[in-house]
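Below you'll find the structure, written out as C-alpha cells, and then a few comments.
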Amino acid sequence: DKEYVGFATLPNQVHRKSVKKGFDFTLMVAGESGLGKSTLVNSLFLTDLYKDRKLLNAEERITQTVEITKHTVDIEEKGVKLKLTIVDTPGFGDAVNNTECWKSVADYIDQQFEQYFRDESGLNRKNIQDNRVHCCLYFISPFGHGLRPLDVEFMKALHEKVNIVPVLAKADTLTPMEVKKKKIKASARDVKTRCVLFVFKPFVLKQIREEIEQYGIKIYQFPDCDSDEDEDFKQQDQELKDSIPFAVIGSNTVVEAKGKRVRGRLYPWGIVEVENPAHCDFVKLRNMLVRTHMQDLKDVTRETHYENYRAQCIQSMTR
Ligand code: GDP
Ligand code: MG
C-alpha cells in the first residue's frame, strides 16, 4: 500500500485545465534553528529532499541548513502532477547577533517578485517561470511560552510579502517537568497526554493566537466558506481555523505501531505517530496546503502580495 500526499484527490476549487497541466507550488519554511523545519518538509511530501547527503541514517542525514536552498521535486499521483518547490532557510538564533535575521529571507521573496515583474514586462510573457513564494510556514518553539521577540520581528518583516502560516514545532517534546509545572495530571504511559497537542494545546496555542493579534501580525487568513456549503464542510472549515497554529511533529524514520509501519518517533513511553490526527495536526496541515487551500494561497500571493510589490515598483519608477 503506497502512501499518498493527497493532492490528486481533486479539490473542487481547481479547474480541469490546471489538473492536466499540473500544479506548481512554492513553500518556504522559516524560524529558529533546530525546530525541525527540514525534517517536516521531508515528512510532508514523503520525499527525501536531502537524499544527496551522504550519511546513512535518515534522521542524521539532514544537516544544518546554512543558506537559503531551493529543492524542486516533481510528484505525480493518479496522473496528476505537482511541481513542488521547497525553499529552506537557515535557522536564526545561533548567531551572536540576530538583528535583521529576517533580512535575507525578505530579500529572497522580493527577488522572486522582481524577477516575475521583469519577465512580465518582457517579450516572452507566456512562459514565465513563476518562483514566487506562495506560503511560509513559520516555526514557533515549543519551549518558549508563546512568541519570542525575534518571532514577532521576523513575522512582521514578512507579513506584507508572503502568506504566513504559523506552526508550533516539535509538538511531542513535552517533558514531565512541564506537565508538573502546569499542574496537569498526565499518565506517563499515555502517548496522547505526553503530546503538547493534548496537554498544552488549549494553553499554548491560545496564547500564541492572542499574541499574534496583540502584536498586529497579519498571518494568512483562511477564506470564509460559502454560506451554501453543507454543515459538515462548515464544521471542518471552522476546525481548521481553530487549529492555528498547527501543532506539528516531523520524522523521517518509520517505526512499527500496532503492527503497522508508520512515520513516527519512538519513546520509552510509546510511539508518537506523525500522521495520526490524535497525536498532532500534521495531516490537517498537509491537507490544507496541498488539497483545500493551495489555490487560495496562490491567489492571495498574486492578488495581494505581488500586487503590493508591483505597485511599489511602479511608484518608485515614476517618482
Ligand atoms: P531545522 O534546523 O529547523 O531544519 O531542524 P531539523 O529538521 O534539522 O531538525 C533538528 C533536530 O530535531 C533533528 O535531530 C531532528 O531529528 C529533530 N526533530 C525534527 N522534528 C522533530 C519533532 O517533531 N519532534 C522531535 N522531538 N524532534 C524533531
Ligand atoms: Mg534545516
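Nothing in this text is a laboratory measurement; each read-out follows from the coordinates by a stated rule. This is a predicted model, so every value here is computed, not measured. Cβ coordinates were reconstructed from backbone atoms using ideal geometry, including for glycine residues, and neighbour counts include every protein chain displayed.
Quick one: Cα centre-to-centre distance for region 230-279 and region 129-157, in angstrom? Result: 22 Å between the Cα centres. Taking amide H positions as modeled 1.01 Å from N, with prolines and chain starts lacking one, the residues under 5 Å from Phe246 and 5 or more places away or on another chain are Leu168. Here's how it looks for Lys161: its modeled amide H is under 5 Å from none belonging to a residue 5 or more places away or on a different chain. Counting neighbouring beta carbons within 10 Å and listing from fewest to most, the residues Lys260, Lys81, Lys298 come out as Lys260, Lys81, Lys298. Converting phi to 3J(HN,Hα) with the Karplus coefficients 6.51, -1.76 and 1.60 and the offset θ = phi - 60°, region 77-82 yields 10, 6, x, 9, 9, 10 Hz in sequence order, with x at every glycine or proline. Computed from backbone phi with θ = phi - 60° and the Karplus coefficients 6.51, -1.76 and 1.60, the 3J(HN,Hα) list for region 83-91 is 9, 9, 10, 10, 9, 9, 10, x, x Hz; x is used for glycine and proline.
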